[in-house]
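One structure below.
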Amino acid sequence: MSFKDKIKQIFGLHKNVNADFFDELTDTLVEGDIGAKTAYEITESLEAKCKREKITDTNEILEELKKIISGYVKKTDFLIQKDDVNVFLVLGVNGVGKTTTVAKLANHYNKSGFNVVIAASDTFRAAAIDQLKMHGEKLHVRVVSHQDGSDPASVVFDAGEACKNNGGGIVLVDTAGRLHNKENLVRELQKIDKVAESKASAGCYKKILVLDATTGQNALRQAEVFNEACKVDAVILTKYDSTARGGILVSLGKELGIPCAFVCTGETYADISSFNPEKYISELLG
Ligand code: GDP
């Protein structure tokens, strides 16, 4: 049963809103990937509000729940300066859909008339470089790559130069996703972060974390680690088509204050859309 159907069931089953109702609601929110801490806080404040304002009608309670959750879910749009060098450092652990997302973004911005360059900076995996070259050919987007095993920051440097020499645009940087431990991650990211920032025009640098919606609260843990290693500006949620839960953006917004920019719902280039919080909440809660 989907998360939305479970919520519907709880609200339908309980004619009286009592402690059992709120306990069941908390359990369901946890099952929906909202996370225990966030779920408890949501139901606590919902219960307090219902008591205070003597709200007993379940439809009204559901509306109050939506209001509380809306306050946590955050959205961001990337404003792109066409004639500047905009650099998006795309982060995330292996398998979340990072390379596919870079290709989707390349297609999206290319179609919107921006000059796009992909930097194949995951130089630890030859397959990732080949994958991006294949996407670049299909999309007619330039891919800057070096040999596998080379310095990822130097790929960003060259891609940044190429973008500048072309009169500006967007550099999409695919990075390695080796999350062995925080110290190594910080060390690996520091240099690439510095070079990426130095190549971007002022205010045109974004660090974007790709999270797989099917990994539930693990995604929140990944966000915590990456955010500590190098402050994350936004997330892109992938594989949203493959989960019946998807509450991760609620705990992400509440615990870390990180907004979502795009949601991906499939494997083709077109399966990416700007994040729409209203649509997300109505899909989540009905
Ligand atoms: P990376 O290791 O993070 O670079 O991951 P990849 O880009 O290679 O993607 C891993 C797998 O996830 C591939 O089979 C992709 O086709 C698939 N994938 C990526 N994004 C999505 C998505 O939004 N929905 C679905 N269903 N699959 C996706």
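A short reminder: the numbers here are calculations on the coordinates, not readings from a lab. The structure displayed is predicted, hence computed values, not measured ones. Here the Cβ positions follow ideal geometry from the backbone for every residue, glycine too, while neighbour counts run over all protein chains shown.
Structure notes:
- Under 5 Å from the amide H of residue 238 lie the amide H atoms of 211, 212, 213, 264, each residue being 5 or more positions distant or on a separate chain, with H modelled from the backbone and absent for Pro and chain starts.
- For the Cα trace of region 160-219, dividing Rg by the Kirkwood Rh returns an Rg/Rh value of 1.05.
- Taking Cβ atoms as reference points and 12 Å as the exclusive limit, the residues near residue 286 contribute a net charge of +1, counting Lys and Arg as +1 and Asp and Glu as -1.
- Computed over region 93-218, the P(r) curve from all C-alpha pair distances, binned at 10 Å from the origin, holds 13, 46, 34, 7, 0 percent per bin.
- Relative contact order (percent, whole number), the chain, Cα cutoff 8 Å, 6+ residue spacing: 26 percent
- Length-normalised contact order of region 166-286 in % [C-alpha pairs under 8 Å, at least 6 apart]: 19 percent
- Across region 158-166, computed HN-Hα scalar couplings (Karplus, 6.51 cos²θ - 1.76 cosθ + 1.60, θ = phi - 60°) run 5, 5, x, 4, 4, 5, 5, 5, 8 Hz from first to last residue, x flagging Gly and Pro.
- Normalised per residue, the volume of the convex hull around the Cα set of the chain (Å³): 123 Å³
- Debye equation applied to the C-alpha atoms of region 199-286, log10 I(q)/I(0) at 0.17, 0.24, 0.25 Å⁻¹: -0.71, -1.27, -1.35
- Whole-Hz couplings from phi, Karplus 6.51/-1.76/1.60, listed for region 69-79; x for Gly and Pro: 5, 4, x, 9, 7, 10, 10, 9, 10, 8, 8
- When the convex hull of its Cα atoms is viewed from all sides, region 1-92 shows a mean projected area of 8.7 nm².
- Exposed-site-free run, longest, the chain (rule: GluC sites (Glu not before Pro); DSSP loop; at most 16 other C-beta within 10 Å): 54-266
- Gap separating the Cα centres of region 1-59 and region 178-250, nearest whole Å: 30 Å
- Non-local Lys pairs in region 38-165, i.e. 8 or more apart or on different chains, that have alpha carbons under 18 Å apart: 16
- Available extension along the chain between residue 45 and residue 57 is 2.7 nm, counting 0.36 nm per residue and deducting the alpha carbon span.
- Summed over all non-identical Cα pairs, the Kirkwood treatment of region 148-268 gives a radius of 15.6 Å.
- Hypothetical label at residue 81: residues of region 179-214 whose amide nitrogen lies under 12 Å (7 Å Cα-Cβ projection): 200-205
- Trypsin sites (Lys or Arg not before Pro) lying in DSSP loop within region 167-274, provided at most 10 other Cβ fall within 10 Å: 231
- Per residue, the average separation of C-alpha pairs within less than 8 Å and at least 6 apart gives region 68-172 a relative contact order of 37 percent.
- Principal axis dimensions, region 46-130 - Cα atoms, whole angstrom, descending: 60, 32, 17
- Loop-located trypsin sites (Lys or Arg not before Pro) in region 1-64 (DSSP state other than H, G, I, E, B) with a sparse environment of at most 16 neighbouring Cβ atoms within 10 Å: 15, 54.
- Gaussian network model of the chain, Cα within-10 Å springs - most flexible of 77, 20, 151: 20
- Note on the chain: with a GNM built from Cα contacts shorter than 10 Å, the maximum mean-square fluctuation among 223, 36, 106 falls on 36.
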